[in-house]
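**Student:** Mind having a look at this structure? Questions to follow.
The values are calculated or read from the model by the stated rules, or taken from the named source; none is laboratory data. No experiment lies behind these values; they were computed from the predicted model shown. Here Cβ is always computed from backbone atoms with ideal geometry, including for glycine, and neighbour counts include all displayed protein chains.
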Amino acid sequence: MISKHVIVPRYQETDQMGVIHHSNYPIWYEEGRVRFCDAIGLPFDKIEQLGLRQAMIEMSSRFVQPAYFNQPLTLHTYLTEVGKVRLTFEYALYNDEDVCIHVGSTRLAWLDADLKPLNLAKAHPDLYTMLHEQVEHPRKH
C-alpha cells in the first residue's frame with residue numbers, strides 16, 4: 001500500500017537560504033507513518049492501546065532538489081520491510097510537477113510498554129500478518 005498526502009511547507013520551516021530546513025523531513029516522515037497506519041485501519045492510538053511502541057533506530061534522507069515555502073508537496077509513504085522486531089518505511093516527496101525532490105527511509109523497532117524489544121510475530125501474529133500484507137516496493141526515483 002502507498003499512502004499519499006499533501007504537505008504545504010510553512011514559512012517557519014524555511015532556513016536562511018529560503019529553502020525548507022532539513023530538520024523538517026523527519027517530522028514529515030512521522031506524519032507519513034501516522035497517515036499510513038490510519039489508512040490501513042491501525043491508528044497509532046490503537047497501537048499504543050495494545051501496549052506497543054515504535055522506536056526509531058535508523059534514518060536516512062537524500063535531498064535531490066530543494067523544497068520551498070508554500071510549494072505543495074505530495075509525500076508517498078511505503079512500508080517496505082516487516083520483520084519480527086523491525087519494520088522499515090520509505091518516503092518520497094514529489095513537487096507539483098510530479099518530480100521526486102526527496103527520498104528517505106526509517107527503520108523502527110517494536111517495543112513493549114516497558115520499552116523492551118518485542119517480537120511482534122509472537123506477541124501479535126494477526127497484526128504481524130496484516131502489516132506483512134502491506135509491504136510495497138516503491139518506484140525507483
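**Student:** Among (1) under 17 Å from H124 (Cβ atoms); (2) touching a residue at least 12 places away in the same chain (Cβ under 8 Å), where does D45 come up short?
**Tutor:** That leaves (2) as the condition not met.
**Student:** Next question. Given the conditions (1) modelled with pLDDT of 95 or more; (2) touching a His at 6+ places or on another chain (Cβ under 9 Å); (3) under 23 Å from V135 (Cα atoms), which single one is not true for I2?
**Tutor:** Among (1) modelled with pLDDT of 95 or more; (2) touching a His at 6+ places or on another chain (Cβ under 9 Å); (3) under 23 Å from V135 (Cα atoms), the lone unmet condition for I2 is (1).
**Student:** What pairs come out if I take residues in the stretch 29-41 that are more than 17 Å from V8 (Cβ to Cβ) and pair them with residues that are surrounded by fewer than 21 Cβ atoms within 10 Å (Cβ to Cβ) and of a type in the set (V, I, T) whose C-beta lies under 8 Å away, six or more apart or interchain?
**Tutor:** Matching pairs, first to second residue: C37/I47.
**Student:** Also, quick follow-up: Which one of the conditions (1) closer than 17 Å to H137 by Cβ; (2) out of contact with any strand residue (DSSP E or B) (no Cβ under 7 Å at 6 or more places or on another chain) does C100 fail to meet, given that it meets all the rest?
**Tutor:** C100 satisfies every listed condition except (2).
**Student:** Go through the stretch 116-133 and give me each residue that's surrounded by fewer than 19 Cβ atoms within 10 Å (Cβ to Cβ) and either outside any helix (DSSP H, G or I) or among the basic types (K, R) (or both).
**Tutor:** K116, P117, N119, K122, H124, E133
**Student:** Please pick out the residue among A113, A92 that is over 16 Å from C37 (Cα atoms) and in a strand (DSSP E or B).
**Tutor:** Step by step, each of A113, A92 is checked, and only A92 is over 16 Å from C37 (Cα atoms) and in a strand (DSSP E or B).
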